[in-house]
Amino acid sequence: MRFEEFSTKFVQQVGKKEGSVSPVIINSASFGYGDSETGEGIFDGSVKKPLYSRMGNPTSGQLEQILAQMDGGIGAVATSSGMGATAMATLSLLKSGDEIISVGGLFGGTYSYFSETLSRFGITTRFFDVDELDTIQAAITDKTKMIFLESVGNPNMRLPDIKAVAVIADAHGVVLMVDNTITPLSIAPIALGADIVVYSTTKIITGNASSLGGAVVFREIREGEDKFKTDRYSEVHPFIKKMGSMALIGNAKKRALRDFGMSANGFGSYLTMLGLETLPLRMDRIVTSVEKISHALQDQGFAVNHPCLSSHPHHERYLSQFSQGCGTLLTIDMGSKAAAFSFLNRSKLITITANIGDSRTLGLHMASTIYRDFDDSTREFLGITAGLIRISIGLENPEQIINDFIAARG
């Protein structure tokens, strides 16, 4: 069980045996080089010392090492937010004329970023359901540079077959990027064939709404054949020549972080590491509670959507590929906006907010908030109905959550 494995690893990696036990917060924006020769070495990469906080912070560097080990990556880059992580990962590899294939349900901000923002810069995204594997494969062209998916559709709760998508990506020499925000530890995307993993560390990794942050974990560039060595990714080749297995880190920092500035700050990374210390314990409790609550609410007549339920179309995939759960989320369809508002307002436990993955239970009516500006066809594709409520289960007693929801329904 990865929860048990990392219960030991995280607390040992975050804390120190000598000196300050808690991580040292370095909030300096700039760093003195001492002499000109050292400054030159820092800029050419031969001296491993801090350059400038826009390019990386020592406290963030500790967080990056832990996250890279968690996912089996060669390295990671911490960012200022989850959307900053997605932007850095995409903008470091894509240019005008390139295409993205997006698979499954999407967080509204990601959908808008792909469909509206990137399109303004000549990057096209095509959207497919998780089960349209043949169509996805047929849609790949020589312009396709990235396949993107969420480990769990937020909020449609549909589960992708990550291994199957990775096989398609590898067969065509295309990068697979997985947003693993909802399922850190539960899912190990690089082991399943992903090339890049992105997180909003604001969510379950930090777990207490104290710190906005994100991270991108990159796999190593392999010796011999590697998709990044093909003509499709020629822009990465100078970094491969100079940095070898670490090329994607250098590419991300110089092609995106340096120029767009989505950099993490030291204090935010410190708070994120404090959250990491208890992540395995929180994930273990929450995924158990989510299953218990989903079954109990369904028995009480709620229209619950979660893959642990036998009625869900991906129930068998959940049992076989998501044995350690699929995060904090479930959804309830109350049938109408009025009924959804009444339920949320009557609940004594739910905090009404757009966040997910908190220590406390959160809820939000989707159509009137995150997806309010989306047209009807897009809402239908993303699974947004008039009465849909996204619930993020917290650490509270699951029986109390169940009883609160029953009472709130009236």
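Each reported figure results from applying straightforward, stated rules to the coordinates on display, with no laboratory input. Worth saying up front: this structure is predicted, and the values here are computed from it rather than measured. Quick reminder, even Gly has a Cβ in these numbers, built from the backbone with ideal geometry, and neighbours come from all protein chains shown.
Please check which bits of region 394-408 a label hung off residue 300 would reach, taking the label as a point 7 Å along Cα-to-C-beta and the cut-off as backbone N under 12 Å. Correct set: 398-408.
Using a ≥ b ≥ c from the Cα gyration tensor of region 143-288 (square roots of the eigenvalues), is it rounded, prolate or oblate, where a/c under 1.5 gives rounded and otherwise the larger of a/b and b/c decides, a/b for prolate? The partial results should precede the final answer.
Values: a/c = 2.27, a/b = 1.36, b/c = 1.67.
Verdict is oblate for region 143-288.
Taking each residue as 0.36 nm, the span from residue 25 to residue 9 lengthens on full extension beyond its C-alpha to C-alpha distance by 3.7 nm. Just list whichever of 9/292; 17/48; 95/253; 227/254; 17/203 have alpha carbons separated by over 18 Å in the model shown. Where the Cα-Cα span goes over 18 Å, the pairs concerned are 9/292; 17/48; 227/254; 17/203.
Of the trypsin sites (Lys or Arg not before Pro) found in region 302-410, those in coil by DSSP whose Cβ has at most 13 other Cβ atoms within 10 Å are 348, 372. What separates the Cα centres of region 173-220 and region 367-410 is a distance of 24 Å.
Using 1/(1 + (r/R0)^6) with R0 = 35 angstrom and r between the beta carbons of residue 237 and residue 48, what's the FRET efficiency to the nearest 0.05? Intermediate results must be reported in sequence, preceding the final value.
Working: r = 23 Å, r/R0 = 0.67.
Rounded to the nearest 0.05, the efficiency is 0.90.
Compare 399, 99, 235 in a GNM of the chain, Cα atoms joined below 10 Å, and give the one with the largest fluctuation. Of 399, 99, 235, the Gaussian network model singles out 399 as fluctuating most. Over the chain, dividing the summed -39,500 (n - 2.57) contributions of all DSSP H runs of at least 4 residues by the number of residues returns a 222 nm mean residue ellipticity of -11000 deg cm²/dmol. Ranked by how many other Cβ atoms sit within 10 Å of their own Cβ, fewest first, the residues 149, 329 fall in the order 329, 149.
Residue 341 to residue 65: FRET efficiency via 1/(1 + (r/R0)^6), r the Cβ-Cβ distance, R0 45 Å, to the nearest 0.05?
Working: r = 45 Å, r/R0 = 1.00.
For residue 341 and residue 65, the calculated efficiency is 0.50.
The modelled label-to-label distance for the pair residue 208/residue 142, using points 7 Å beyond Cα in the direction of Cβ, is 5.5 nm.
The ranking of 365, 295 by Cβ neighbour count inside 10 Å, starting from the fewest, reads 295, 365. Placing dummy labels 7 Å off each Cα toward the beta-carbon, the span from residue 129 to residue 170 is 2.8 nm.
Only counting other Cβ atoms within 10 Å, I'd like 347, 234 sorted with the fewest neighbours first. Walk me through the numbers before you get to the answer.
Values: 347 20, 234 10.
Going from least to most buried by this count: 234, 347.
When you filter the trypsin sites (Lys or Arg not before Pro) in region 86-128 for DSSP loop state and at most 13 other Cβ atoms inside 10 Å of their Cβ, you are left with 95. Comparing 33, 371, 318 in a Gaussian network model of the chain where C-alpha atoms under 10 Å apart are linked, the largest mean-square fluctuation is found at 33.
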